[in-house]
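A short worksheet on the structure shown next.
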Amino acid sequence: MLERHELEAFLTLAEELHFGRTAERLRVSTARVSQTIAKLERRVGVPLFNRTSRRVELTSVGRDLYEETRPAWDRIAAAYERAVAAGRGLTGTLRVAFVGAAGGQLLAGAAELFRRRRPDCDVQLREAQMVDLMPWLRAGEIDLALGTFPVDEPGIATGPVLVSEARMLAVPVGHPFARRASVSLEDLARVRLLQLPGTLPASLRADRTPSATPSGRPIEPGPSASTFNEMLTLVGAGHGVFPVGAQVRRYYARPDVAYVPFGDAPPLRWGLMWRAEGATARVRAFGEAARDLLADDT
């Protein structure tokens, strides 16, 4: 295989047909260019250039090699430049996904601020269902996602907590808990707890749908749902209860579901997540915009 410096020396000399100018372009000595070409010719087995005291010319083998390698080298160089631009630049398109109406409103504000700061970079917002976020991230269909924490997944990085909200329990409107001012985590031992899909991170499922109360009392598992509206429909139909964030009272008011505050549960936390290998300048800049937007609102 050709070494990079050998290929660069060959292509440059094939274009300049002058060892001195080739050395200037490559910022090396003329002797270095001559040595590199001689070594390459020994490996190929035939001369690539005809040299005289007055001129340098490609041989037929050298000309064929140039014509076949130049386009490939140009494609490699262009691909490398695009990769650098994606990693360091702030142009192009950033694809960001959210789950739920509140998440969409937050990201819409962050995207507006991001566009003002980075007018050369576009933002595409996509609504996702609960089961979509991890597959979309891993497949590279999106660059960023806004979701609930904790997310402890290999290859997935998470940013700081952007929003914390009180945790509530969604119960059927006719359930005895619906008449209470608050519930406790120990009360979960008295109901069936609807389950998140098994495709979601285990860390998230353990937080939202635990198998036992803090004191160790078992919690009866109920059916699972793949979308949030499906989950609330199951709650309203009396198939179980489900922990939610306080924002659902505003965005998901339903006649068949009541939302009761927890008196002792930690807040529900939201933040951005992305592929660990995809921490580009665009991703970092969008995270900064989201944090600054929320800081201005406080």
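Tabulated data
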| quantity | calculated |
| --- | --- |
| Distance between region 115-130 and region 1-51 - C-alpha centres, whole angstrom | 47 |
| Estimated dipole of the chain in Debye, rounded to 20 [Cβ of Lys and Arg +1, of Asp and Glu -1, Cα centre] | 380 |
| Extension gain from R249 to S215, taking 0.36 nm per residue of separation minus the Cα-Cα distance | 9.3 nm |
| Shape call, region 4-88: gyration tensor on alpha carbons, a/c limit 1.5 | prolate |
| Phi-based couplings in Hz for region 249-258 (Karplus 6.51, -1.76, 1.60; Gly and Pro marked x) | 4, 8, 9, 9, 5, 9, x, 9, 10, 10 |
| Net charge, R51 excluded, C-beta distance under 12 Å - Lys, Arg +1, Asp, Glu -1 | 0 |
| Region 133-289: C-alpha gyration tensor shape, a/c 1.5 cut-off, then a/b vs b/c | prolate |
| Exposure rule at most 14 other beta-carbon atoms within 10 Å, DSSP loop GluC sites (Glu not before Pro): the chain longest free segment | 142-298 |
| DSSP-defined beta bridges in the chain - what % are antiparallel, rounded to 5 | 60 |
| Region 145-154 - phi-based ³J(HN,Hα) in whole Hz, Karplus 6.51/-1.76/1.60, Gly and Pro as x | 9, 9, x, 8, 9, x, 10, 10, 10, x |
| 222 nm mean residue ellipticity, helices alone, for the chain (DSSP H n ≥ 4; -39,500 (n - 2.57); rounded to 500) | -13500 deg cm²/dmol |
| Amide H contacts of I156 (H built 1.01 Å from N, under 5 Å, at least 5 apart or other chain) | A276 |
| Amide H contacts under 5 Å for Q195, placed H, 5+ residues apart | G222, S224, A225 |
| Backbone HN-Hα couplings from phi across region 135-144 [Karplus 6.51/-1.76/1.60, Hz, Gly and Pro as x] | x, 5, 5, 5, 7, x, 6, 10, 9, 9 |
| Unit charges at the beta carbon, dipole of the chain: most positive-side option, A178, A72, L204 | A72 |
| Length released on extending from A181 to A108, taking residue separation times 0.36 nm less the Cα-Cα span | 22.9 nm |
| Label assignment, semi-axes √(5λ) of the Cα gyration tensor in Å derived from the structure, set (i) 63, 19, 14; (ii) 26, 23, 19; (iii) 46, 20, 15 | (i) |
| Contact order relative to length of region 127-260, as percent, for alpha carbon pairs under 8 angstrom and 6 or more apart | 36 |
| Rounded FRET efficiency, nearest 0.05, which uses the C-beta distance separating E141 from R117 and R0 of 30 Å | 0.75 |
| Simple spin-label estimate for E6 and N50 in nanometres, 7 Å along Cα-Cβ | 2.5 |
| Distance (nanometres) between label positions extended 7 Å along Cα→Cβ at R25 and A79 | 2.3 |
| Within-11-Å neighbourhood charge of Q195 [Cβ basis; K, R +1; D, E -1] | +2 |
| Percent RCO, i.e. relative contact order, over the chain, from Cα pairs under 8 Å lying at least 6 residues apart | 22 |
| Distant-in-sequence amide H partners of R95 (H built 1.01 Å from N, under 5 Å) | Q124, D143, L144 |
| Sum of side-chain charges, E141 neighbourhood, beta-carbon under 12 Å (Lys, Arg +1; Asp, Glu -1) | +2 |
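Rule-based calculations on the coordinates, nothing more; no lab input. Predicted model, so just to flag it, every value in this text is computed and none were measured. Positions of Cβ are backbone-derived with ideal geometry, glycine not excepted, and every protein chain shown enters the neighbour counts.
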